[in-house]
Amino acid sequence: MLLSTIVKAYRNVRVLCVGDVMLDHFLYGKVERISPEAPVPVFNFQSEKKMLGGAGNVVANLHTLGCTADILCFIGDDDAGKEVRRLLSQVCDHAAALVVPGFPTIEKTRVIAGNNHLLRIDNERRFCCNDDILGPALDERVKAADIILLSDYAKGLLSPERCQRIIEVCRAAGKPVIIDPKGDDYSKYAGATVVKPNLKEFNQATGLSCHPSDPDFTDSLRRGAKALFERYGIENLLVTLSEHGMAFVSASRPDDVFQLPTEAREVFDVSGAGDTSLAAFGASLAAGADIQDAMKLANIASGVAVGKLGTSCVTAQEILDALSRRRSASGPGWKQKNKIVSRREAAAIAAQCREQGKKVGFTNGCFDLLHQGHLHSLMQARSLCDVLMVGLNTDASIKRLKGPERPIQDEKTRALLLASLEFVDFVIMFDDDTALPLVDAIRPDLILKEGYTIDRWPEAQFVESYGGRAVTLSRLDGYSTTQTIQKMKRGEETTLPK
């Protein structure tokens, strides 16, 4: 799947987060002098902001990513708890914030002067209550979710007993459980699908002191991961490495380490970046991504997060924008990947081309098995314009149009093949049943397609309505994806004409 397709699928995902919620309280102001009473800065207060922190920040990020978010958490019977309930109601439909009598809601107050973090004030006690406090709400919410995220800040909710109870319920329901851990006792996480420590937590849990700059870092990581797999039956480990990115090791292939560099451009504040990473990773897996693609999106999301000041949420659009700016410096086809753009980017590129006096052409199709008939049409189209944009149906839209056995090739492969053609300038994926919404966004000067007359071609009628031109391309007979599939089923050879 294309990374952008995964991001767009977040809206179909339901995620349950269980963990330690906090109220993040930010005090903003200026420091212009030192106090005459003591050698400390004088903070001139200007404004304040209250936000969800901890597990609350995870669900807030899930919400801004477009997911349906749910949460089980503890709060106190106090003003901070009421504020947490209010904030949760904005990001969750049915948040379960359970009041634990005698304990305060965890609140962290940060004092910020400009871009400088001066001080943090914590008001908290570790929650202590009956192990069965989650009750039937846990089972019901696990069944309703696509994936479960445990956000452990060691504040009492995820005790060893409750943590194991949650994992057992998830496994019984066949739901993956991803854990952001705390502390060095990983026995409480036994049986988890993925445990996501940072490097410091990984070193604490394994007794190692490995660092990405060490020449034997990969070997040390592999050795520590194997130890955790053998002791606790954890299925996978995702180790975040701060400015060095992240690394993944699986119990099924413990000798293989997949590592990604960081995506951050400029770091203002790392507050909540781990929560953002957890949300994006979990949402991506639930949306159908494989581990490596989920890592890439989590890495991009956390890179966006640290570029903001304070505990900030990342939106799906911000990830899509980051993807559009992303330029891979290695790997096959990287130049071609740059030609695969979003609808919004395509519209901006088309507008810029028109300002420069260039003629923008548009065609579209499924391009399932790229054949000579496709090449014939695309070359014709490009010869009639300065810039050729090709709309490509997503896998989901093709299944709706042509049935469950299509497409033969996934959208990522089809997009890269099209982008590899020198006479195709840009490829834009679209999930609609017709290309009309995409045509409306791009407003091409020409729309070109074979086999269609204007009366059967709504997109062409629209282009002509604003002064554009519709061109019916000539067809190269004897070539179609359906014919190719039929030949393959009959075992015939497919040959090019001499």
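Here, each number is a calculation from the coordinates, and none is a lab measurement. Computed from a predicted model, the values in this text were never measured in an experiment. Here Cβ is always computed from backbone atoms with ideal geometry, including for glycine, and neighbour counts include all displayed protein chains.
Computed FRET efficiency, Cβ-Cβ of Q356 and K399, R0 60 Å: what is it to the nearest 0.05?
Here the calculated transfer efficiency is 0.95.
Suppose only helical runs count, i.e. DSSP H with n ≥ 4. What mean residue ellipticity at 222 nm does that imply for the chain under -39500 (n - 2.57) per run, divided by all residues and rounded to the nearest 500 deg cm²/dmol?
Helix contribution divided over all residues of the chain: -11000 deg cm²/dmol.
Can you work out the Karplus-derived ³J(HN,Hα) for every residue in the stretch 125-135? Use 6.51 cos²θ - 1.76 cosθ + 1.60 with θ = phi - 60°, whole Hz, and x for glycine or proline.
Coupling constants for the stretch 125-135: 9, 5, 5, 9, 7, 4, 5, 8, 4, 5, x Hz.
Would you tally the net charge around K108, using a Cβ to Cβ cut-off of less than 9 Å, leaving K108 out, and scoring K and R as +1, D and E as -1?
With Lys, Arg at +1 and Asp, Glu at -1, the net is -2.
Name the GluC sites (Glu not before Pro) in the stretch 342-446 that are in a loop by DSSP and that have at most 10 other C-beta atoms within 10 Å, would you?
E405, E422
In what sequence do C366, C313 fall when counting other Cβ within 10 Å, fewest first?
C366, C313
Under 14 Å from the Cβ of V471, count the other residues' Cβ atoms, weight Lys and Arg +1, Asp and Glu -1, and hand me the total.
So the environment of V471 carries a net charge of +1.
Structure shown: which of K82/K200; K50/K182; K196/K399; K30/K200; K175/K226 lie over 31 Å apart, alpha-carbon to alpha-carbon?
K82/K200; K196/K399; K30/K200
Can you give the charge dipole size of the stretch 334-490 about its Cα centre, rounded to the nearest 20 debye, using +1 on the beta carbon of Lys and Arg and -1 on the beta carbon of Asp and Glu?
400 debye
How much length is gained if the chain between S465 and R231 is pulled fully straight, taking 0.36 nm per residue apart and subtracting their Cα-Cα distance, in nm to one decimal?
Using 0.36 nm per residue and subtracting the Cα-Cα distance, I get 77.4 nm.
Under unit Cβ charges (Lys, Arg +1; Asp, Glu -1), what dipole magnitude, rounded to 20 debye, does the chain have relative to its Cα centre?
1060 debye
If you take the beta carbon distance between T413 and D132 as r and set R0 to 41 Å, what does 1/(1 + (r/R0)^6) give as a FRET efficiency, to the nearest 0.05?
0.25
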